[in-house]
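First comes the structure, then the notes that go with it.
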């Protein structure tokens, strides 16, 4: 036990090591606080939805409640949807930092509403904000380099290499013991603050253990690289430069190049193109005979075909019908878009087996439910909810039933749980 005690004392006596570990603790706490603040702000925004929706609905009822027209209610009523964060999302904010986590929808054409909400190109989203996943993926390897670049060379440069080799016991055991102590120090600096915050956030114990296991495996990967470089017999300076070059290549250059390759290999239509195509179809419907619009709508939705014929005046049946036709027109584009994004995500996941930084990011965001798959699942729930809204309003509109003020409060409400695919 005294040997291990002296190894810890030797590590902490090093000003560089002690300063590096202290800095790592500060950065870890800062990354965790940043993630918690971001997720707490999202939770607070979601918690205000119910009250704000009630205020908005009361204003719509006051302005249009006397019309008894379900089309008017469908046009002016916005209905909120939201994607609540998981307990672990503070550690890997992922897509939640760049994708909408709340969206108000109407019972009109949905595709434009969904893709207007995407104020970014989701398939091109990069690492994201400074959170624990970012720190662990990109900055922690630098601390491994600081602590391990001279693990072997320092003894040789200090003139103690031959002396240590001549002492009883294996020099490999000595280096192994020191490597273990330094790896443990890094693990404590990263893992202790994370565990404390994760428990405070209510993260399940198994998830905490999973993140810590991923962290140790990732640190061990960089430790292995450092040991391989150290055994080459180079100077400490050369080791540090070589490891820094390896970090740039493995953590930065190769993932960026691989992302470009995936994008070129799996072309995907932009979400804005889907929204544009849907709008063009909707706008073009004003110039099409209304009978043709209704014929197309009834062919796809025969359950509403018994509705009374349109008169010469404007009717919301026609208006909502060509909005639905617009969604149906771009449905193949939307399906291809989702399929392409899913294939890109799957390709990036497979790439993670070759590039640990990519794999770590993918694993953490999957555990935190902040990856692209989770975002697409939220869009699927929006589509399923939008179908409920359409059916609710169509029941009044196509059956020519009066829409009273009380019916505003009977519209379906969104559930954040449920199927992940609205197709």
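The values are calculated or read from the model by the stated rules, or taken from the named source; none is laboratory data. Here the structure is a predicted model, which means the values were calculated and not measured. Virtual Cβ from ideal backbone geometry, glycine too; neighbours counted across all protein chains shown.
Couple of notes before you dig in:
- Where residue 244 falls short, out of the listed (1) more than 30 Å from residue 387 (Cα to Cα); (2) free of Cβ contacts under 8 Å to residues at least 24 places away in the same chain; (3) more than 27 Å from the chain's Cα centre (by Cα): (2)
- Residue tally, condition more than 14 Å from residue 344 (Cβ to Cβ), more than 19 Å from the chain's Cα centre (by Cα) and surrounded by fewer than 17 Cβ atoms within 10 Å (Cβ to Cβ), over region 247-273: 8
- Taking the conditions (1) surrounded by fewer than 22 Cβ atoms within 10 Å (Cβ to Cβ); (2) more than 18 Å from residue 378 (Cα to Cα) in turn, residue 74 satisfies each one other than (1).
- In region 341-354, the count of residues that are outside any loop (DSSP other than H, G, I, E, B) and more than 30 Å from residue 211 (Cβ to Cβ) is zero.
- Only one entry of 302, 289, 332 meets the criterion of being surrounded by fewer than 15 Cβ atoms within 10 Å (Cβ to Cβ) and closer than 24 Å to residue 392 by Cβ, and that entry is 302.
- Flag if residue 310 is surrounded by 15 or more Cβ atoms within 10 Å (Cβ to Cβ), in contact with a helix residue (DSSP H, G or I) (Cβ under 8 Å, 6 or more places away or on another chain) and part of a loop (DSSP other than H, G, I, E, B): yes
- Listing of helices (runs of 4 or more DSSP H) fully contained in region 1-104 that carry 2 or more residues being modelled with pLDDT of 90 or more, under 30 Å from residue 405 (Cα atoms) and touching a strand residue (DSSP E or B) at 6+ places or on another chain (Cβ under 7 Å): 15-47, 49-64
- Members of region 286-307 that are more than 40 Å from the chain's Cα centre (by Cα) and assigned to a loop (DSSP other than H, G, I, E, B): 288, 289, 305, 306, 307
- Just one residue in the set 133, 127, 165 is within 18 Å of residue 247 (Cα to Cα), at pLDDT below 95 and either within 27 Å of the chain's Cα centre (by Cα) or surrounded by fewer than 16 Cβ atoms within 10 Å (Cβ to Cβ) (or both); that residue is 127.
Table: residues versus (1) modelled with pLDDT under 95; (2) assigned to a helix (DSSP H, G or I); (3) more than 30 Å from residue 304 (Cα to Cα).
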| residue | (1), (2), (3) |
| --- | --- |
| 365 | no, yes, yes |
| 373 | yes, yes, yes |
| 386 | no, yes, no |
| 389 | no, yes, no |
| 394 | no, yes, no |
| 401 | yes, no, no |
| 407 | yes, yes, no |
